[in-house]
Amino acid sequence: MPKNVMKTHDRTDVLVVGGGPSGLRVAARLARAGLAVRIFEKKSAVGENIVCTGIVGREVFARFGLDTGSVIQEIQDVRLVSPCGTAVTYRHPRAFACVVDREAFDARLAADAVSAGAVLSLGFRVDDIATGRDGIRATVKTVGGGTARVSAAMAVIASGVDSALQKKAGLSYPSDFLMGGQAEAPRRQPGITTLFFGRSVAPGAFAWSVPAGPVSRVGLLTRKDPRTYLRKLLAANVGPESVRLDDVPVRTKAVAQGLLARTTGERVLSVGEAAGQIKTTTGGGISFGLLCADIAAEAIIRCFDESAFGAAALAGYESRWRSMLQKEIVVGARTRKMCARLSDRQVEGLFRLARTDGIMPIIRETADFDWHSGLIFALLERLSFMGFFRTVKDSLEYRNLS
């Protein structure tokens, strides 16, 4: 998509910082409502060099009216591998998720925003933002070093974990992170989506290998040193006879964790990963980001309808998204942190239990790709005969997260 020439004299109602799914979605909704919207994305193309496995729930496309042209393949089977190599395969009654080409996925969202009337400026970074009673003032820089001042009535911060603007706008920002790493390597045969567990594989979280057309997307979440652990994972699961591992580029990024205290302020709000709207179990953020983008758009449209732009006018956005996601974010984060304390021996015991016990039927009946708290509580209830999981369950129920 071509870059847009910056014009500082154009009227702008809403400035959107970030051209990821949540920013593009809110821009499209606002532009379609008749507002003048400008999106500033620092990359030269939307979806460029993203560290993302690109798995989204099948329901996302119908729920948000999205084109399925970016889908590479569907997922129905998942293989789980223990620290000692014990494998358990789960087959869902139907395909429950899709692997997408993220550049194509984001490009379709961008095209939707532009066709609705939003102006998309690529290669522009918003370096500063100031809020006042009469509007927003932003400092925008180009990759070539040029600077311009842009004014708007309101701003949406959808810049991911880059928290500089949230700080300047007085909003909360992510401060707890996992480290994600991912690489794409050629695969020799049709594969199955595989999850790997163990402290020697991905301390604090898990790793994966996801078939995506002619390649496998191999990645992990961990508390430390993602490159080292990912290189080990590639060596064990790709093999030097298939590809020179030194030639496989590894990309890393911080993945936000935890519930943020404040995502709205005077004439400004944050959405998506910038607002901590992330699945804390897996680090995925597309579906939650799209959901909250719609909530944000409705709140902003109301602000213009009522000519009220203060923090009080945006409070409904914060209360709505929290009512939907707070339980998912908090339950996922606390459960993952507690389970990170399990030894490899304890994890191995769970795998052996899964092969003989009623755990798989619980997953089949309760699992939802995007909403995990129901499955978490169902599994904790089933495993509550074990002291550790009973403690986790009691801890979550004590906090009355439901």
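The values are calculated or read from the model by the stated rules, or taken from the named source; none is laboratory data. Keep in mind that this is a model prediction, so the values were computed, not measured. Cβ coordinates were reconstructed from backbone atoms using ideal geometry, including for glycine residues, and neighbour counts include every protein chain displayed.
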Apart from one, (1) more than 20 Å from Trp208 (Cβ to Cβ); (2) touching a Ser or Thr at 6+ places or on another chain (Cβ under 6 Å) all hold for Arg79; the odd one out is (1)
Would you say Val255 is of a type outside the set (S, T, N, Q), part of a strand (DSSP E or B) and under 30 Å from Arg91 (Cα atoms)?
yes
Out of (1) crowded, with 21+ Cβ neighbours inside 10 Å; (2) in the same structural domain as Gly20 (by TED's automatic domain parsing), the odd one out for Gly180 is which?
(2)
Scope the range 90-126; condition of a type outside the set (A, V, I, L, M, F, W, C), under 22 Å from Ile50 (Cβ atoms) and more than 17 Å from the chain's Cα centre (by Cα); matching residues:
Arg108, Asp112, Ser121, Gly123, Arg125
For the range 31-54, what are the residues that are among the hydroxyl-bearing types (Ser, Thr, Tyr) and farther than 26 Å from Ala148 by Cβ?
Thr53
Yes or no: the range 352-362 includes at least one residue that is touching a residue at least 40 places away in the same chain (Cβ under 8 Å), in a loop (DSSP other than H, G, I, E, B) and crowded, with 16+ Cβ neighbours inside 10 Å.
no
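Please determine, by comparing only the residues of the range 104-120 that are of a type outside the set (A, V, I, L, M, F, W, C) and touching a helix residue (DSSP H, G or I) at 6+ places or on another chain (Cβ under 7 Å), which one is surrounded by the fewest Cβ atoms within 10 Å (Cβ to Cβ).
Looking at the filtered set, the residue picked out is Gly117.
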Please state which one of Cys303, Cys292 is within 30 Å of Ser373 (Cβ to Cβ) and not in a loop (DSSP other than H, G, I, E, B).
Cys292
Say we look at the range 270-320 and pick out the residues that are among the aromatic types (Phe, Trp, Tyr) and over 22 Å from the mean Cα position of the chain (by Cα); which of these is nearest to Ala256 (Cα to Cα)?
Phe309
Screening Ser319, Ser323, Ser343 for residues that are over 20 Å from Gly23 (Cβ atoms) and touching a residue at least 40 places away in the same chain (Cβ under 8 Å) leaves only Ser343
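Looking at Val331, Val347, which one is assigned to a helix (DSSP H, G or I) and in contact with a Pro (Cβ under 7 Å, 6 or more places away or on another chain)? Quick ask: steps written out before the conclusion?
Working: Val331 fails: in contact with a Pro (Cβ under 7 Å, 6 or more places away or on another chain).
Among Val331, Val347, only Val347 is assigned to a helix (DSSP H, G or I) and in contact with a Pro (Cβ under 7 Å, 6 or more places away or on another chain).
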